[in-house]
Amino acid sequence: VLADCRATGLFVLGPEAARRKIGGAESQGDNVLLVVEGDRLRALVSPRLGARVRALVPELTIEIVPRMR
């Protein structure tokens, strides 16, 4: 349920506001937001997940969102 709530919130915020939210408080946990850009797919990933994710398809670009204070 928590993951569904976070996913919905990030989706509703949109890519730029979601990036700020993902990079926000450490308590935000592990987050990934997939953004479709034409025929490319970008994953905005929280810093805690950054070292543990990798793209399995060439169309996916992973962007680790820096921690904001």
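Look through Ala55, Ala7, Ala3, Ala18 and report the one residue that is small (Gly, Ala, Ser) and modelled with pLDDT of 85 or more. Let's see the steps before the verdict.
On the way: Ala7 fails: modelled with pLDDT of 85 or more; Ala3 fails: modelled with pLDDT of 85 or more; Ala18 fails: modelled with pLDDT of 85 or more.
It is Ala55.
For segment 2-10, does any single residue satisfy the condition of being of a type in the set (Ser, Thr, Tyr), part of a helix (DSSP H, G or I) and either out of contact with any Leu (no Cβ under 8 Å at 6 or more places or on another chain) or surrounded by 13 or more Cβ atoms within 10 Å (Cβ to Cβ) (or both)?
As a first pass, look at segment 2-10 and keep what is of a type in the set (Ser, Thr, Tyr): 8.
From what's left, part of a helix (DSSP H, G or I): 8.
Add one more test, that the residue is either out of contact with any Leu (no Cβ under 8 Å at 6 or more places or on another chain) or surrounded by 13 or more Cβ atoms within 10 Å (Cβ to Cβ) (or both), and what stays is 8.
Yes, there is a match, as at least one residue in segment 2-10 is of a type in the set (Ser, Thr, Tyr), part of a helix (DSSP H, G or I) and either out of contact with any Leu (no Cβ under 8 Å at 6 or more places or on another chain) or surrounded by 13 or more Cβ atoms within 10 Å (Cβ to Cβ) (or both).
Cβ-Cβ distances below 6 Å connect the following pairs, each with a first residue in segment 32-61 that is more than 18 Å from Gly14 (Cα to Cα), a second residue that is among the charged types (D, E, K, R), and a separation of six or more residues or different chains: Pro47/Arg67; Arg48/Asp30; Leu49/Asp30; Glu59/Arg40.
State all residues of segment 58-69 that are out of contact with any strand residue (DSSP E or B) (no Cβ under 8 Å at 6 or more places or on another chain) and either at pLDDT below 85 or open to solvent by less than 70 Å² (accessible area, probe 1.4 Å) (or both); if no residue qualifies, say none.
At the first step, the residues of segment 58-69 found to be out of contact with any strand residue (DSSP E or B) (no Cβ under 8 Å at 6 or more places or on another chain) are 58, 66-69.
Once the filter is applied, which keeps residues that are out of contact with any strand residue (DSSP E or B) (no Cβ under 8 Å at 6 or more places or on another chain) and either at pLDDT below 85 or open to solvent by less than 70 Å² (accessible area, probe 1.4 Å) (or both), segment 58-69 yields Pro66, Arg67, Met68, Arg69.
Checking each residue in segment 11-57 for being open to solvent by less than 50 Å² (accessible area, probe 1.4 Å), touching an Asp or Glu at 6+ places or on another chain (Cβ under 6 Å) and not in a strand (DSSP E or B) picks out Ser46, Leu49.
The values are calculated or read from the model by the stated rules, or taken from the named source; none is laboratory data. All values derive from a computational prediction rather than experimental measurement. Using ideal geometry, Cβ is built from the backbone for each residue, glycine included, and neighbour counts are taken over all protein chains shown. Ligands, DNA and RNA are stripped out before the accessible areas are found, and what is left, the full protein with its side chains, is counted by its heavy atoms. Shrake-Rupley method; radii C 1.70, N 1.55, O 1.52, S 1.80 Å.
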